[in-house]
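Novice: Structure in structure tokens, see below.
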Amino acid sequence: MRKTIVAGNWKMNASKETVNTLILGILAGMDDVKSEVVVCAPFPYLSQVEALITHSQLKLGAQSLNINADGAFTGEVSAEMIKDFGAQYVIVGHSERRSLYGENSTLVAEKVKAALDNDLTPLFCVGETLEQREAGATEAVVSEQINAVIDLLGIDAFLGIVVAYEPVWAIGTGVTATPEQAQGVHAFIRQLLAGYDDGIADMTAILYGGSMNAGNANELIACEDIDGGLIGGASLKAEDFLQICRVG
Ligand code: PGA
């Protein structure tokens with residue numbers, strides 16, 4: 001059985017005050033949660049979250065990383081630094097990083113490597129734009145994104161990777177993929193991995209992301225190949241986020 005994972009991606013939304021309220025709110029409602037729950041905080045708040053979640057089952061993640069260990073990379077943050085704050089996860093290849101900051105699949109694969117080399121679990125995001133979906137290119141796009149990682153690291157790397165399928169047209173738009181649309185791509189991703197190794201494909205957690213909320217999480221996570229969610233907007237309110245966490 002694959003474990004259900006629910007990860008919150010706060011993006012660039014936080015203050016010391018909201019982080020405090022949000023984390024304490026989540027912790028207060030975690031008793032009946034069986035999923036693995038992760039919060040991916042902006043870099044300046046990693047330390048604050050680390051302190052708040054000590055001795056709890058809540059896990060910490062970052063939202064990006066630089067592939068280098070240290071050196072003259074002004075403004076960047078390494079995997080070692082993220083680890084230093086007790087984080088276990090890092091989002092890699094989010095579509096906002098790909099489209100706004102020019103991260104291509106080759107760089108994303110190198111980031112996956114940097115995360116794995118430092119015992120961080122990459123939440124490795126893939127997904128197509130609306131234009132690509134309408135052109136019938138969804139499978140080609142997702143294959144290219146996944147194959148870049150397999151080409152660099154081999155299929156065994158997926159033993160340490162969590163995949164997140166995030167159709168770009170569903171992110172932050174309120175338009176969620178239907179369970180059929182999402183399950184279709186999730187099954188395709190699992191098949192793609194199975195083409196290299198059946199066992200690894202079966203063990204790999206594949207999360208759905210894109211306007212998942214308390215109202216639609218149930219039917220999405222109920223799908224055979226959907227193993228949880230990567231949640232943006234709905235991860236910013238403790239009660240909304242907890243309702244999704246309780247689904248798994
Ligand atoms: P959303 O974001 O839930 O606000 O659509 C998901 C994501 O970008 O990871």
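FYI, it's all coordinate maths here, none of it is from the lab. Predicted model, so just to flag it, every value in this text is computed and none were measured. Cβ: placed from backbone, ideal geometry, glycine included. Neighbour counts: every protein chain shown.
Novice: From the list 170, 79, 164, which residue is within 16 Å of the ligand (Cβ to nearest atom), closer than 16 Å to residue 63 by Cα, touching a residue at least 40 places away in the same chain (Cβ under 8 Å) and surrounded by 19 or more Cβ atoms within 10 Å (Cβ to Cβ)?
Specialist: Working: 170 fails: closer than 16 Å to residue 63 by Cα; 79 fails: within 16 Å of the ligand (Cβ to nearest atom).
Only one candidate qualifies: 164.
Novice: If we scan segment 181-192, do we find a residue that is assigned to a loop (DSSP other than H, G, I, E, B), within 15 Å of the ligand (Cβ to nearest atom) and of a type in the set (Gly, Ala, Ser)?
Specialist: Restricting attention to segment 181-192, the residues satisfying the condition of being assigned to a loop (DSSP other than H, G, I, E, B) are none.
No; the residues of segment 181-192 include none that is assigned to a loop (DSSP other than H, G, I, E, B), within 15 Å of the ligand (Cβ to nearest atom) and of a type in the set (Gly, Ala, Ser).
Novice: Within segment 23-51, take every residue that is hydroxyl-bearing (Ser, Thr, Tyr) and closer than 14 Å to residue 84 by Cα and give me the one that is surrounded by the most Cβ atoms within 10 Å (Cβ to Cβ).
Specialist: To start, the set of residues in segment 23-51 that are hydroxyl-bearing (Ser, Thr, Tyr) comprises 35, 45, 47.
Still in the list and also closer than 14 Å to residue 84 by Cα: 45, 47.
On the way: 45: 22, 47: 14.
Taking the candidates together, the pick is 45.
Novice: Something else about it: Scan (1) within 16 Å of the ligand (Cβ to nearest atom); (2) assigned to a strand (DSSP E or B) for the single condition residue 60 breaks and write down its number.
Specialist: Among (1) within 16 Å of the ligand (Cβ to nearest atom); (2) assigned to a strand (DSSP E or B), residue 60 violates only (1).
Novice: Moving on. Considering only segment 1-12, state which residues are touching a helix residue (DSSP H, G or I) at 6+ places or on another chain (Cβ under 9 Å) and either assigned to a loop (DSSP other than H, G, I, E, B) or hydrophobic (A, V, I, L, M, F, W, C) (or both). If you could, list the steps in order and put the result at the bottom.
Specialist: The initial filter retains those residues of segment 1-12 that are touching a helix residue (DSSP H, G or I) at 6+ places or on another chain (Cβ under 9 Å), namely 2, 4, 6-11.
Matches in segment 1-12: 2, 4, 6, 7, 10, 11.
Novice: Consider residue 117 against the criteria (1) within 14 Å of the ligand (Cβ to nearest atom); (2) under 23 Å from residue 205 (Cβ atoms); (3) surrounded by fewer than 17 Cβ atoms within 10 Å (Cβ to Cβ): it satisfies all of them except one. Which criterion is unmet?
Specialist: (1)
Novice: Shifting gears a bit: Residue check: is residue 27 in a helix (DSSP H, G or I), touching a residue at least 40 places away in the same chain (Cβ under 8 Å) and touching a Leu at 6+ places or on another chain (Cβ under 7 Å)?
Specialist: Working: in a helix (DSSP H, G or I): yes; touching a residue at least 40 places away in the same chain (Cβ under 8 Å): no; touching a Leu at 6+ places or on another chain (Cβ under 7 Å): yes.
So residue 27 fails the test.
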